[in-house]
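The values are calculated or read from the model by the stated rules, or taken from the named source; none is laboratory data. Note that the coordinates shown come from a computational prediction; the quantities given were computed from them, not determined experimentally. Glycine gets a Cβ as well: all are built from the backbone with ideal geometry, and neighbour counts include every protein chain shown. To get the accessible areas, we keep the full protein, side chains included, count just its heavy atoms, and leave off ligands, DNA and RNA. Shrake-Rupley method; radii C 1.70, N 1.55, O 1.52, S 1.80 Å.
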Amino acid sequence: MNPTKIRTTMAVKTHLCCLTLSMLLAACGGAGTDPNSGNLSGVTILAAASQARSTPLATVGAANDLESVANLQNLTPATAVSDGVSPGTSTWITAMEMAADQPMAAAPLPADVASLAQHCATPRPSGTIDPVTRQPYGDVQGSLTTEMQWITAFVHDTYLWNNDVPIVSMAPYVPGATVPFINPTDNSVSAQLLSSNFDVVNAYFNTQRTQQLTATGKPVDQFHFTVPTGQFSASATLSAPGPLSFGFELALLQAAPPRKIVVAYTLSDFNPADPSQINTNNNPAIANRIVRGTEIVSVNRVNVAQGTDINTLIELFQPLKGKRYTLEILDPGSATTRQVTLEATSLTTSPVPVYNTLANDPSVGYILFNDHNALAEYFLAVAINYLKGANQGAGIKDLILDLRYNTGGLVGIASELAYMIAGPASDGKAFANLATNGTYQAGNARFPFSGKAPGNYILPAGTPLSSLNLNTVYIITGSDTCSASEAAINGLAGIGINVVQIGATTCGKPYAFVPRDNCGTTYFAVQTKTTNNKGYGDYADGFVPLGGDTSAAPGSSNQLPGCAVADDYHNQLGGTSEARIAAAMYFRANHSCPAATPTALDNAAAQHQVLVRSPEKTIGIITPAAF
């Protein structure tokens with residue numbers, strides 16, 4: 001089975017060809033498929049049961065597009081977090097302001113790009129303020145042609161593979177026309193009707209990317225996309241309430257009828273005024289004793305396995321405000337179902353929902369880390385401090401870092417996490433070097449390991465970071481493990497930390513970018529490639545667990561010691577019986593993989609999971625302050 005995941009939570013992610021959930025369901029059967037057939041052939045969806053703001057960016061017409069579908073376009077407001085030392089006592093700031101030393105402002109662009117900027121077919125009203133930069137957008141009257149000219153100049157000057165971009169006539173790109181659209185996940189082509197100005201600029205931007213392939217035949221650039229600026233700004237504003245959610249994320253284990261949906265995990269909701277307070281009473285799933293592995297049998301009397309009311313099934317993933325849902329569920333290990341009635345609520349979820357020592361060995365710590373967002377700095381610091389004092393004050397000797405659902409985000413957060421694992425021995429070494437196309441020199445930068453908070457996120461500048469000072473870390477991965485998560489793996493391996501990989505091959509995103517607004521559309525074009533302290537960054541085909549205690553070239557290869565292990569929905573995350581955690585502990589004791597675990601030869605057949613989130617989430621966002 002090749003499961004594809006949809007996760008409708010806050011902020012930013014990567015893959016392209018964004019679809020609404022209804023389009024995804026309809027597209028699964030291929031061109032001309034009846035959307036009510038519910039044929040999700042070969043696809044597994046993991047989705048937060050939360051409200052999504054979906055904007056289709058492409059029309060997918062082939063069944064095989066779903067394997068690599070891009071992401072559900074669902075930019076939802078994030079939670080408020082404090083920028084002071086004491087939670088609840090300081091002012092609220094935006095995610096992007098926390099991600100840079102100054103409000104999000106465009107890094108210097110070449111003159112030809114700057115001269116064409118904000119010449120819009122439909123300018124925003126004079127004086128319209130960008131909620132992220134708090135400066136006027138400065139739109140003036142232009143045309144769709146000037147917007148496409150800006151795209152051409154922007155890509156030509158800043159895109160990492162600018163020499164491979166084709167020259168495409170702008171003439172066919174007008175509202176009402178139908179043009180080819182390339183799915184960046186596999187370079188397949190479908191026809192797209194240009195129904196709006198946004199469709200026009202999005203489709204033209206789609207042509208301005210390389211079609212190179214990696215060694216395994218997948219597109220080098222799967223990460224080229226646009227988002228309406230209003231939605232992107234909303235996702236970057238932490239003072240807005242969290243998205244509607246039932247308090248769990250779902251895995252559709254069987255895509256085509258008979259479908260099968262289980263809970264992947266429950267969400268950890270916290271108090272925005274004091275992140276140390278967990279609001280368990282606010283989580284409908286926890287209140288109804290719903291846990292990982294709970295099967296959803298029906299929703300409002302629509303059978304999950306065979307039901308044809310696709311709209312009702314969609315609401316399981318995107319609940320409506322104020323509507324009550326009766327779910328028939330089957331608890332793990334039970335032979336009889338029960339009914340629960342839920343109403344979605346606004347949750348502010350922790351990026352670090354689980355951290356503890358293992359029940360059977362307090363010298364081993366476990367952290368489930370799901371998002372490289374700004375507020376992760378606070379939660380990671382809390383988790384590391386706890387583990388440093390665990391084991392009766394002796395601290396942990398080894399760490400299992402679970403990144404299986406972490407699609408990336410801020411590279412600066414990954415750098416801090418890596419320091420917290422490695423400790424002072426890493427101080428000053430390169431965590432990530434960013435290289436551009438050679439023309440756009442403003443993009444070259446270096447992220448060093450540092451034992452002090454930079455002041456870009458939650459902790460005040462100069463705050464010492466606690467560290468575990470480990471030589472080995474066991475990292476649980478899946479194909480959702482992307483971008484900043486992969487940068488953490490590569491960065492640690494690059495300074496000689498023994499990184500043992502347990503799970504599945506990662507997604508392969510050694511790239512980053514600075515989002516750019518122009519005329520109400522935010523453009524994401526890859527501008528930098530990241531390398532580690534040894535200069536290695538060629539993992540576009542992902543990091544691969546080799547199936548043993550060897551590595552081709554530690555820190556200089558995408559092959560790592562470890563074991564290929566499928567995701568295990570039958571056991572709880574953080575528990576020693578969960579397959580990937582159990583494999584990590586076996587490897588720790590024996591320096592080999594358990595007998596039931598696939599070896600490197602079987603890795604390609606291991607469970608393939610793609611977390612489908614809003615596309616700007618996972619590519620690794622670099623803020624202008626880093627340039």
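Couple of notes before you dig in:
- Some residue of region 395-404 being within 13 Å of the chain's Cα centre (by Cα) and open to solvent by less than 10 Å² (accessible area, probe 1.4 Å): yes
- When each of 304, 411 is tested for being crowded, with 20+ Cβ neighbours inside 10 Å and under 26 Å from the mean Cα position of the chain (by Cα), the lone residue that passes is 411.
- Evaluation of residue 438 against (1) modelled with pLDDT under 90; (2) closer than 18 Å to residue 486 by Cα (one fails), failing number: (2)
- Across region 433-448, the qualifying residues are those that are of a type in the set (Ser, Thr, Tyr) and either within 17 Å of residue 491 (Cβ to Cβ) or surrounded by 16 or more Cβ atoms within 10 Å (Cβ to Cβ) (or both), and the one among them that is farthest from the chain's Cα centre (by Cα) is 440.
- Residue under evaluation residue 343, criteria (1) open to solvent by less than 40 Å² (accessible area, probe 1.4 Å); (2) out of contact with any helix residue (DSSP H, G or I) (no Cβ under 6 Å at 6 or more places or on another chain), criterion not met: (1)
- For region 268-308, a residue qualifies if it is at pLDDT 85 or above and hydrophobic (A, V, I, L, M, F, W, C), and the qualifying residues are 285, 286, 287, 290, 291, 296, 297, 299, 302, 304, 305.
- Failed condition for residue 451, given (1) touching a residue at least 40 places away in the same chain (Cβ under 8 Å); (2) open to solvent by 10 Å² or more (accessible area, probe 1.4 Å); (3) out of contact with any Lys or Arg (no Cβ under 8 Å at 6 or more places or on another chain): (1)
- Complete set of residues in region 331-384 that are part of a helix (DSSP H, G or I) and not β-branched (Val, Ile, Thr): 376, 377, 378, 379, 380, 381, 383
- Within the option set 469, 498, being open to solvent by 10 Å² or more (accessible area, probe 1.4 Å), under 23 Å from residue 381 (Cβ atoms) and in contact (Cβ under 8 Å) with a residue 24 or more places away in the chain holds for one residue only, 469.
- Hits in region 295-308 (condition: assigned to a loop (DSSP other than H, G, I, E, B) and either free of Cβ contacts under 8 Å to residues at least 12 places away in the same chain or in contact with a Ser or Thr (Cβ under 9 Å, 6 or more places away or on another chain) (or both)): 300, 301, 304, 305, 307, 308
- Output for region 439-462, where each listed residue is out of contact with any helix residue (DSSP H, G or I) (no Cβ under 6 Å at 6 or more places or on another chain), part of a loop (DSSP other than H, G, I, E, B) and closer than 10 Å to residue 528 by Cα: 444
- Restricting attention to region 385-426, the residues being farther than 16 Å from residue 493 by Cβ, touching a strand residue (DSSP E or B) at 6+ places or on another chain (Cβ under 9 Å) and not in a helix (DSSP H, G or I) number 17.
- Test: residue 177 is open to solvent by 10 Å² or more (accessible area, probe 1.4 Å), among the aliphatic types (A, V, I, L, M), farther than 20 Å from residue 438 by Cβ and without any contact (Cβ under 8 Å) to a residue 40 or more places away in the chain: yes
- Counting only residues that are open to solvent by 20 Å² or more (accessible area, probe 1.4 Å), part of a loop (DSSP other than H, G, I, E, B) and over 26 Å from residue 203 (Cα atoms), region 518-566 holds 17 of them.
- Condition met for residue 424 (under 19 Å from residue 529 (Cβ atoms) and surrounded by fewer than 16 Cβ atoms within 10 Å (Cβ to Cβ)): no
- Criterion (crowded, with 21+ Cβ neighbours inside 10 Å, among the hydroxyl-bearing types (Ser, Thr, Tyr), at pLDDT below 95 and closer than 28 Å to residue 507 by Cβ) met by exactly one of 185, 207: 185
- Residue under evaluation residue 160, criteria (1) open to solvent by 50 Å² or more (accessible area, probe 1.4 Å); (2) modelled with pLDDT of 50 or more, criterion not met: (1)
- Matching residues in region 345-380 - criterion: being modelled with pLDDT of 95 or more and among the small types (Gly, Ala, Ser): 363, 365
- Residues (under 22 Å from the mean Cα position of the chain (by Cα) and touching a residue at least 40 places away in the same chain (Cβ under 8 Å)) located in region 533-557: 537, 539, 540, 541, 542, 543, 544, 545
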